[in-house]
1. I need every pair where a residue in the range 51-64 that is without any contact (Cβ under 8 Å) to a residue 24 or more places away in the chain has its Cβ under 7 Å from the Cβ of a residue that is part of a helix (DSSP H, G or I) and of a type in the set (Val, Ile, Thr), sequence separation at least 6 or different chains.
2. I'd like the residue in the range 58-73 that is of a type in the set (Asp, Glu) and loosely packed, with under 12 Cβ neighbours inside 10 Å and, out of all such residues, is farthest from Ala85 (Cα to Cα).
3. Taking the options Ser100, Ser131, name whichever one is small (Gly, Ala, Ser) and either surrounded by fewer than 17 Cβ atoms within 10 Å (Cβ to Cβ) or assigned to a helix (DSSP H, G or I) (or both).
4. In the range 19-72, which residue that is of a type in the set (Asp, Glu) and assigned to a helix (DSSP H, G or I) is farthest from the chain's Cα centre (by Cα)?
5. Would you mind finding the one in Ser178, Ser100, Ser167 that is outside the structural domain of Glu62 (by TED's automatic domain parsing) and closer than 19 Å to Leu58 by Cβ?
6. Of the numbered conditions (1) surrounded by 14 or more Cβ atoms within 10 Å (Cβ to Cβ); (2) within 27 Å of Pro15 (Cα to Cα); (3) among the polar types (S, T, N, Q), Ser141 fails exactly one; give the number of that condition.
7. Any residue in the range 111-124 that is in contact with a helix residue (DSSP H, G or I) (Cβ under 7 Å, 6 or more places away or on another chain), farther than 19 Å from Ser178 by Cα and either in the same structural domain as Asp14 (by TED's automatic domain parsing) or of a type in the set (S, T, N, Q) (or both)?
Amino acid sequence: MSLISDAGTPLLSDPGRILVEQCIQNKFEIIPIPGVSSITAAMSVSGFKDQFLFYGFLPKTENELEKILASLSQNSFAQIFFIPAIKINFYLKKFKLYFSGRKILIARELTKIHESFYRKDIDDISEFEKSMKGELTVIVSEKNTKKKVLDKKKIVNKAKKYLKKYSLKDTVNLILESEKINKKEIYNLCLKVKNEKNY
């Protein structure tokens, strides 16, 4: 029996995994036949370091997504995600919050006639004006280990945004999730914004 896919190598973030699990449980021999994989194809042209983690499809709800990204942002390796093209702007907004200082590669239609790549610093990336179709393979680069300089303007802008909905303490904690800098400095900036009450 063969499991064949016309969308690259199956079984990674793919329902075919269920069939493989059943075969293993029933002691059938399983033989992989290599095919096109968007994971290795995209990673091979990313220019990022060799060590990477593959996550697959991210959660669709905002609360669950933020929990996952807060955890993943602590990891220093490059990370690979599958993202529906129609939802790319939704995820980019969150990437800017949690993966600041990293680079991003967005690969579309790999090995097909309309194959394209989009490379950018995450901090500088803008939303896509035109909607895209299909699935995207998105790679976030490894964490920059150079000492980060406090971007006061960026922190102030985030504080103004968060203080509209959250307390001072929660605002500081939210900013700390993406800005791994001295907590005291961030607290002082947020307190100054709160006292000015011009947000």
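1. Filtered contacts from the range 51-64: Pro59/Ile68.
2. Glu64
3. Ser131
4. That would be Glu21.
5. Working: Ser100 fails: outside the structural domain of Glu62 (by TED's automatic domain parsing); Ser167 fails: closer than 19 Å to Leu58 by Cβ.
Checking each option against the conditions leaves just Ser178.
6. Here Ser141 meets the rest and fails (2).
7. Scanning the range 111-124 turns up at least one residue that is in contact with a helix residue (DSSP H, G or I) (Cβ under 7 Å, 6 or more places away or on another chain), farther than 19 Å from Ser178 by Cα and either in the same structural domain as Asp14 (by TED's automatic domain parsing) or of a type in the set (S, T, N, Q) (or both).
Yes/no matrix, rows are residues, columns are (1) at pLDDT below 95; (2) touching a helix residue (DSSP H, G or I) at 6+ places or on another chain (Cβ under 9 Å); (3) surrounded by 11 or more Cβ atoms within 10 Å (Cβ to Cβ):
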{"position": "Arg17", "(1), (2), (3)": "yes, no, yes"}
{"position": "Pro32", "(1), (2), (3)": "yes, no, no"}
{"position": "Val36", "(1), (2), (3)": "yes, no, yes"}
{"position": "Ala42", "(1), (2), (3)": "yes, no, yes"}
{"position": "Val45", "(1), (2), (3)": "yes, no, yes"}
{"position": "Asp50", "(1), (2), (3)": "yes, yes, no"}
{"position": "Ile80", "(1), (2), (3)": "no, yes, yes"}
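The values are calculated or read from the model by the stated rules, or taken from the named source; none is laboratory data. Just so you know, these numbers come straight off a predicted model, no measurement behind them. When we count neighbours, we look across all protein chains shown, and the Cβ atoms used for this are built from the backbone with ideal geometry, even at glycine.
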